[in-house]
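Heads up, the thing below is written out as structure tokens.
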């Protein structure tokens, strides 16, 4: 990354993004895309892992802890919306 690229990326907002332009891509687009991938892929992976672990833990709580507040975090593949628990007491 050269100085002009670092200066252009000093802020958080992209002013110009033309990845189809080969000169732009070689100059700064590829560096921005790689940085984005290195940050976003692990972050999304860990977010999914935490969401999945929470869904496993939440459905194993005892009934008296209020399962209805946790059922919305259960993934659809495990029947999350179908696990709505109504307390008749």
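Laid out as a table, the results:
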item	result
Every pair of residues 6+ apart whose Cβ atoms lie under 8 Å, when the first sits in the stretch 31-48 and is free of Cβ contacts under 8 Å to residues at least 60 places away in the same chain while the second is surrounded by 10 or more Cβ atoms within 10 Å (Cβ to Cβ) and in a helix (DSSP H, G or I)	31/5
Count of residues meeting criterion [assigned to a helix (DSSP H, G or I), surrounded by 11 or more Cβ atoms within 10 Å (Cβ to Cβ) and modelled with pLDDT of 90 or more] in the stretch 1-26	2
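The values are calculated or read from the model by the stated rules, or taken from the named source; none is laboratory data. This structure is a prediction, so every number in the text was calculated from the model and none was measured. So basically every Cβ, Gly included, is an ideal-geometry build from the backbone, and we count neighbours across all protein chains shown.
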